[in-house]
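Q: Structure below; questions to follow.
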Amino acid sequence: MSSDAPIGVFDSGVGGLSVLRALRARLPAESVLYFADQGHVPYGPRPLEEVRLFSDAITRFLLRQGAKMIVVACNTASAAALHSLRQTFPDVPFVGMEPAVKPAAETTHTGVVGVLATPATFQGALYASVVERFANGVTLLPHTCPGLVGQIERGELDSPKTRAILEDALLPMLAQGIDTVVLGCTHYPFVIPLIEQIVGDSVRVIDPAPAVARQAARLLEATGRQADRQGAGEMRFYTSGEVEAFASLLPRLLGETGEIRRVFWNRAGEIELAEA
Ligand code: DGL
């Protein structure tokens, strides 16, 4: 495995770009293949088994394109698939995500913490285990923010509807005394400015992306896979949705662009590149 091989990163859509942003800041020399499964977004309301099958096929695709490590930049896919991906591909290093209940529980003063994540993430064993291990004595207020992922996929980061969805989630939490909000979905960091307008300065908003990037850096080092090059790594993007829609959001959300290729799922449930 060449250390200049790319890191594979995937999400149901543009959410994982919040993780990619942190990866680029932390590991600028690494090349990245980013997969947005926009043909299936949102993952959150789907059965975990279906998301597991998607994640398995995406991982196989990214490995075929030469990925040396996989970052599951999606809490929902991590909840559904991380355990089985590690079993299916024992030689591949994986970095996954779980709602950042631990740092929230360590720093809350009021002992009341809001957690925003998808229904599938809340249903998964990973969330139950995080709560059991770290939430000791802390009251967690979960909310699924229905419709918010779709708003962000449409680039509506500041529209009245997006604000209404967030107010529905956050105002009752404020009334119950939260001083911390955990963003347990990688789409949500793109609405942090709006969240901060609603909750004010005294509530801490936790975006786990920098911690995920740190973990990716540690794992690259531990497995001797860091890039050797001096300059910036290259980025390539794949979407199972519309290339134009992805292309118009990419510079806005990431601040960078790259080549975007369309992919499709064949009848065998595998992913193929569409003709360029
Ligand atoms: N961005 C994803 C997550 O972190 C998935 C959102 C969705 O597709 O529902 O959970």
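Q: Which of PRO99, ALA22, GLY39 sits farthest toward the positive end of the charge dipole of segment 20-102, with +1 on the Cβ of Lys and Arg and -1 on the Cβ of Asp and Glu?
A: ALA22
Q: Could the peptides 195-202, 119-126, 210-217 be put in order, highest first, of the mean number of other beta-carbon atoms found within 10 Å of their residues?
A: Highest to lowest by the protection proxy: 119-126, 210-217, 195-202.
Q: How high is the FRET efficiency between GLN230 and SER159 when r is their beta carbon distance and R₀ equals 45 Å, given to the nearest 0.05?
A: Once rounded, the FRET efficiency stands at 0.60.
Q: Comparing THR88, THR59, THR118, which has the greatest mean-square fluctuation in the GNM of the chain with Cα pairs linked when under 10 Å apart?
A: THR88
Q: I would also like to ask the following. Stokes-Einstein D for the chain at 20 °C, 1.002 mPa s, Kirkwood Rh over Cα pairs, in µm²/s?
A: Here the translational diffusion coefficient equals 114 µm²/s.
Q: Mind checking the angle between helix 17-26 and the chain's longest principal axis? C-alpha axes, 0 to 90 degrees, to the nearest 10.
A: The two axes meet at around 70 degrees.
Q: With each label point set 7 Å from Cα along the Cα-Cβ vector, what nm distance links HIS109 and ALA222?
A: Roughly 3.5 nm, to one decimal.
Q: For the chain, what is the mean residue ellipticity at 222 nm derived from helices alone (per DSSP H run of n ≥ 4: -39500 (n - 2.57); sum divided by total residues; nearest 500 deg cm²/dmol)? Present the calculation step by step, with values, prior to reporting the outcome.
A: Numbers: 11 runs with 119 residues, N = 276.
Only helices count here, giving -13000 deg cm²/dmol.
Q: How would segment 20-172 be classified by its alpha-carbon gyration tensor: rounded, prolate or oblate, with rounded meaning a/c under 1.5 and the a/b versus b/c comparison settling the rest?
A: Prolate, since a/c reaches 1.5 and a/b exceeds b/c.
Q: Label-point separation (nm) for VAL205 and PHE89, each offset 7 Å from Cα along Cα-to-Cβ?
A: Taking the two extended label points, one gets 3.2 nm.
Q: Then there is this: Once both labels are modelled 7 Å past Cα along the beta-carbon direction, what's the ALA276-GLU50 spacing in nm?
A: Distance between the two pseudo-spin positions: 3.4 nm.
Q: Treating the Cα atoms of segment 228-276 as identical point scatterers in vacuum, please give the log10 of the normalised Debye intensity I(q)/I(0) at q = 0.13, 0.14 Å⁻¹, two decimals.
A: The Cα Debye sum returns log10 ratios of -0.40, -0.45.
Q: Compute the length gained on full extension between GLU132 and THR257: take 0.36 nm times their separation in residues and subtract their Cα-Cα distance, giving the result in nm to one decimal.
A: 41.0 nm
Q: Indicate the gyration tensor shape class of segment 10-73 (rounded, prolate or oblate), computed on the Cα atoms with a ≥ b ≥ c the square roots of the eigenvalues: a/c under 1.5 is rounded; otherwise a/b larger than b/c is prolate and the rest oblate. Don't skip to the answer; put the middle values down first.
A: Details: a/c = 2.63, a/b = 1.51, b/c = 1.75.
Since a/c reaches 1.5 but b/c is at least a/b, the shape of segment 10-73 is classed as oblate.
Q: Roughly how big is the chain's charge dipole about its Cα centre, with Cβ charges of +1 (Lys, Arg) and -1 (Asp, Glu), in debye to the nearest 20?
A: 400 debye
Q: Now for a separate question. For segment 93-147, just say rounded, prolate or oblate: build the C-alpha gyration tensor, square-root its eigenvalues into a ≥ b ≥ c, call rounded for a/c under 1.5, and beyond that prolate if a/b exceeds b/c, oblate if not.
A: Values: a/c = 1.88, a/b = 1.23, b/c = 1.53.
Judged from the Cα gyration tensor, segment 93-147 comes out oblate (a/c at least 1.5, b/c at or above a/b).
Q: When DSSP assigns beta bridges and you keep just the ones with both residues in the chain, what percent turn out antiparallel, to the nearest 5?
A: Percentage antiparallel, nearest 5: 10.
Q: Something else now. In Å and whole numbers, how far do the C-alpha atoms of segment 146-276 stretch along each principal axis, longest first?
A: 51, 37, 30
Q: Something else about it: To test your reading of the geometry: what angle, between 0 and 90 degrees and rounded to tens, separates the Cα axis of helix 209-222 from the longest principal axis of the chain?
A: 40 degrees
Q: Let me ask another. Taking the Cα of GLU242, stepping 7 Å toward and past its beta carbon, and measuring to each backbone N in segment 248-276: which are under 13 Å?
A: Answer for segment 248-276: 248-249.
Q: In addition: Taking θ = phi - 60°, what integer Hz values does the Karplus form 6.51 cos²θ - 1.76 cosθ + 1.60 yield along segment 57-70, in sequence order, with x for Gly and Pro?
A: Here the 3J(HN,Hα) series is 5, 5, 4, 4, 4, 5, 5, 5, 7, x, 5, 9, 7, 10 Hz.
Since every read-out is calculated from the coordinates, none of them should be taken as a lab result. Since we're looking at a predicted model, the values are computed, not measured. Here Cβ is always computed from backbone atoms with ideal geometry, including for glycine, and neighbour counts include all displayed protein chains.
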